[in-house]
1. Name the residues in the range 190-232 that are open to solvent by 40 Å² or more (accessible area, probe 1.4 Å), away from ligand 1 (no atom under 16 Å from the Cβ) and in contact with a strand residue (DSSP E or B) (Cβ under 7 Å, 6 or more places away or on another chain), would you?
2. Looking at the range 26-43 only, could you name the residues that are surrounded by fewer than 15 Cβ atoms within 10 Å (Cβ to Cβ) and not in a helix (DSSP H, G or I)?
3. With 290, 304 as the choices, which residue is open to solvent by less than 30 Å² (accessible area, probe 1.4 Å) and either over 15 Å from the mean Cα position of the chain (by Cα) or not acidic (Asp, Glu) (or both)?
4. Would you mind finding the one in 183, 187 that is open to solvent by less than 60 Å² (accessible area, probe 1.4 Å), part of a strand (DSSP E or B) and more than 16 Å from ligand 1 (Cβ to nearest atom)?
5. Just one of 200, 170 is over 25 Å from residue 274 (Cα atoms) and under 28 Å from the mean Cα position of the chain (by Cα); which is it?
6. For the range 123-136, enumerate the residues that are buried (at least 17 other Cβ atoms within 10 Å of the Cβ) and either modelled with pLDDT under 80 or part of a loop (DSSP other than H, G, I, E, B) (or both).
Amino acid sequence: PEEMTVGELAARLHLTASEVIKRLMTLGVMASISDTIDYDTAAMVAMEIGAKVEKEVVVTIEDRLFQVENEDDDSTLVERPPIVVVMGHVDHGKTSLLDAIRNTNVTEGEAGGITQHIGAYQVMVNDRPVTFLDTPGHAAFTSMRARGAQVTDIAVIVVAADDGIMPQTVEAINHAKAAGVSIIVAINKMDKPHANPDKVMQELTEYELVPEAWGGDVPCMPVSAKTGNGIPDLLEMIQLVADTSELKANPDRMARGTVIEAKLDKGRGPVATILVQTGTLHAGDAVIAGSTFGRVRVMLNDRGERVEEAGPSTPVEITGLDDVPEAGDVLNAVEDERLAKELVEQRKHEQKEAQFSAYEKVTLDNLFSHI
Ligand code: GDP
Ligand code: MG
């Protein structure tokens, strides 16, 4: 449209009509609330106050959380464990490999006793922890990435030595590349008579993954999830790659993490697995996660043991949220529960507004766009 009324302009700019009328007067235009004004005049008024309007309208939840969060000074950063995802074609051995890795740490007495599944677990490699996402397949990885959650540092791409690169292997390679994470290839099923690791490595080069053994930068580790052969070497390689990446976080601040999985438990209410990414999460902390909030009631580690705190790269299962968050939701610890509630209310409000597309930044570009 070429024109609008003074009243419409005022509404659009979140001003009272008399404020707009005053501004028009300073521009030499005398108009009342129901008078129409042309685009140029409206734009002049909008331009004059444009900056102010944007500021008022768009103090989003992210802005507010950012203020809560602050930047971390380099001096506060300390080494954190790598977070690893296992991907690959169906039946190439993702689940078996994750099980085999988990079992490397199980001591005699515990054998078979650890069946706790919280969506992520840690194993010790040379006395230093490595965190694995226990949800094989790309679905979790991609849905989390689609939601903006960058959780992992290293992708282990499993390729069966008797099968070679298959469509979902290619998908996994593409996802890992797009996410910018380090890639390690586990050439699995080496125990099989028809295992052909050279063929796998040859095929990898077709996807610009050149094995280290051939002068490239992609570690290719022969393993058997069935016999356990090669698993310790794979774990050491993961740690080596992590070391060169210098993964760091500040443990001395309020926690931020990502929801790995969540469900409603009949007895315990909403239960969520959180992978803490920075800061330390404590039992009792007030938190928001997506559009849920609460206070961390009980916190369990990946062995089902109760813990009071969880630092960077540590997966924990928490109760105490008022509702079930979604995988990929970001969790933030905040000052107190009152603020948590307020932030979640604002977030819900923003989501609702966005849903009905009634919420728009007022800019010169869209000032006239949908009247
Ligand atoms: P996923 O679909 O990638 O999770 O694959 P699974 O872990 O479910 O494994 C698919 C099949 O391959 C199962 O029958 C496993 O027992 C078998 N398998 C996995 N790893 C190995 C291995 O290293 N050697 C042999 N011989 N079989 C394996
Ligand atoms: Mg599986």
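1. 210, 212, 213
2. 27, 28, 30, 32, 34, 35, 38, listed by residue number.
3. Working: 304 fails: open to solvent by less than 30 Å² (accessible area, probe 1.4 Å).
Answer to the selection: 290.
4. Numbers: 187 fails: more than 16 Å from ligand 1 (Cβ to nearest atom).
Unique residue meeting the criteria: 183.
5. Numbers: 200 fails: under 28 Å from the mean Cα position of the chain (by Cα).
The match here is 170.
6. 134, 135, 136
The values are calculated or read from the model by the stated rules, or taken from the named source; none is laboratory data. Because the structure is predicted, anything quoted here is derived from the model rather than measured. Every residue, glycine as well, gets a Cβ built from its backbone with ideal geometry; the counts of neighbours run over all protein chains shown. The area values use the complete protein model at the heavy-atom level, side chains included, leaving out ligands, DNA and RNA. Shrake-Rupley method; radii C 1.70, N 1.55, O 1.52, S 1.80 Å.
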